[in-house]
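Data first, discussion second: the structure below is written as structure tokens.
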Amino acid sequence: MYDFAYHRPKSVADAIGLLKGKTEARVMSGGMTLIPTLKQRLARPSDVVDLGGVKELAGIKVEGNNVVIGGMTRHADVASSADVKAAIPALAYLAGHIGDPQVRNRGTMGGSVANNDPAADYPGAVVALNATVSTNTRKIAADDFFKGLFETALAEGELITGISFPKAEKAAYMKFPNPASRYAMVGVFVAKTAAGVRVAVTGAGATVFRVKAMEEALSKNFSSAAIKDIKIPADGLNSDIHGSAEYRAHLVGVMARRAVDAANK
Amino acid sequence: MTISVAMTVNGKSVSGKVEARTLLVQFLREHLGMTGTHVGCDTSQCGACVVHVDGKSIKSCTILAVQAEGSKVTTIEGLAESADKLHPMQEAFRENHALQCGFCTPGMVMSAIDMVKRHNYQLDEATVRRELEGNLCRCTGYHNIVKAILAAAPAMKSAGV
Ligand SMILES: Cc1cc2nc3c(=O)[nH]c(=O)nc-3n(C[C@H](O)[C@H](O)[C@H](O)COP(=O)(O)OP(=O)(O)OC[C@H]3O[C@@H](n4cnc5c(N)ncnc54)[C@H](O)[C@@H]3O)c2cc1C
Ligand code: FES
Ligand code: FES
């Protein structure tokens, strides 16, 4: 790891101030992705701005029909939150199945969503629940946030401050974890909210995507039987030593049906 | 960039000068000479480096020493009351032959204590196996580690630790 200048601001305003004009600076939340990246010398930031001391960024609030989760909220805190379990149990379940207990004690929602790893779990929940990502400058709808492989709508120096998830009438997440890394080979988040039914797939493509054909079928009949004949094209899906594109396409169907069954329980 | 850090390690106040990039595990091993915490993979996967920071188990190879500023850190060296009075989890590992080469053991024990407390001293085998996802062992096949943790849970409860 190359050395860098380290900063530990206490407020979002101070963090933004520290990032200003430093094009090679990086923010750090849980560090569970950033530190391994620095060790491999895949990044060489001049400055690391640690959000760990920014109290206003961590926490979970219920605001009307929404659960609002701060960017610095750790996966373990989402998994064990009574508010999240009551409002959107599928989201607590998802957080409790990220990596391992030690990763969940450090990794954060803001870091995971900003990083947009193709195999990350949270993007599935953000898109399926039609969540809104808040930054220091604006609010971004889920459908406009994830742009591609490790790519998001965030501008340079823009920070995720929190994410607002509408409560779901029914929701479930089913993940086929890679047996070694525990990242999603394929994860499907199915949700029925006031805005309708959404099916979001993570792990299978370059970034999270929706399956409109399944959403239409489930809007008419929210049962796994309604989607059993819907085939996912393998074209453009991820293909690697862990599984071919065809295998992942098949898994999307299996995980989606399991998710619908779990949501109906 | 050189930074001064201060934290509590196993109940003692410690401080030192580190680089911004110094990992907590390097601070423990190389600055404080506490080599009980191991580095197995250095890629955040094996759990040999697990310590507690403010009561939570974390991988000390994936946190900077400066991030632990002001924290209470507990390592494997901080568990036993004395050389002949081990922590109930260490005792259970010994009783159940839960280690062979011992390389993974410090991390296993630290993860195990955190999991027992988080589950309020009540665990079943499936829970223990799932909770051990972040700890790799190349020798034992895990079976005796799981047995040891299940045995230690009630022992920790009655010892009040
Ligand atoms: C062994 C292991 C297993 C894992 N398994 C899984 C898994 O199964 N599923 C899964 O989804 N993830 C998994 N992860 C990743 C983990 O969830 C990370 O915590 C997460 O991807 C990044 O979150 P972080 O808080 O650690 O971010 P960091 O590492 O601190 O940051 C990641 C990136 O996001 C940027 N960033 C951080 N915070 C913000 C913010 N608030 N605003 C804007 N940009 C920001 C940083 O600059 C950096 O580029 C695993 C990680 C490890 C080490
Ligand atoms: S050395 Fe830290 S996880 Fe392997
Ligand atoms: S006892 Fe050898 S690695 Fe676990």
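The values are calculated or read from the model by the stated rules, or taken from the named source; none is laboratory data. A quick note: this is a predicted structure, and the numbers were derived from the prediction, not measured. Positions of Cβ are generated from backbone atoms using ideal geometry, with glycine treated the same way; all protein chains shown enter the neighbour counts. In case anyone asks, the SASA skips ligands and DNA or RNA and just uses the protein heavy atoms, side chains included. Shrake-Rupley method; radii C 1.70, N 1.55, O 1.52, S 1.80 Å.
Structural remarks
- Overall, the anisotropy analysis places chain B in the prolate class: the square-rooted eigenvalues a ≥ b ≥ c of its C-alpha gyration tensor yield a/c not less than 1.5, with a/b exceeding b/c.
- Cα-based equivalent ellipsoid, the range A:209-251: semi-axes from gyration tensor eigenvalues, Å: 24, 10, 7
- Global form of the range A:1-70, assessed from the alpha-carbon gyration tensor, a/c cut-off 1.5: prolate
- A straight line joining the Cα centroids of the range B:91-129 and the range A:177-229 runs 36 Å.
- At the listed q of 0.18 Å⁻¹, the Debye profile of the range A:58-263, built from one uniform point per Cα, gives log10 I(q)/I(0) equal to -1.27.
- Take the Cα of A:Ser46, step 7 Å toward its Cβ, do the same at B:Cys139, and the gap between the two points is 4.9 nm.
- Annotation: amide H-H contacts under 5 Å for A:Thr193 (H modelled 1.01 Å from N, sequence separation of 5 or more, or interchain): A:Glu169, A:Arg198.
- Point-to-point label distance, A:Ala155-A:Ala13, nm (Cα→Cβ direction, 7 Å offset): 2.0
- At most 11 other Cβ within 10 Å, DSSP loop - GluC sites (Glu not before Pro), the range A:1-82: A:Glu24
- GluC sites (Glu not before Pro) restricted to DSSP loop in the range A:145-217 with at most 15 other C-beta within 10 Å: A:Glu156, A:Glu169
- Placed amide H near A:Phe4: partners under 5 Å, 5+ positions off or other chain: B:Ala20, B:Arg21
- Portion, in percent, of the accessible area of chain A that falls on carbon or sulfur, probe 1.4 Å: 51
- Average beta carbon contacts from partner chains per residue of B:38-44, 10 Å cutoff: 2
- Taken along the Cα-to-beta-carbon direction at a fixed 7 Å, the label points for A:Glu216 and A:Arg138 span 3.1 nm.
- The amide H of B:Cys46, built 1.01 Å from its N in the peptide plane, has B:Cys41 as neighbours under 5 Å, considering only residues 5 or more places off or on other chains.
- Across peptide B:54-62, the mean count of Cβ atoms from other chains lying within 10 Å of each residue's own Cβ comes to 5.
- A Förster radius of 25 Å combined with the Cβ-Cβ distance from B:Ala80 to B:Val14 puts the calculated FRET efficiency at roughly 0.85.
- Once the Cα atoms are used to define both axes, helix A:245-264 deviates from the longest principal axis of chain A by about 80 degrees.
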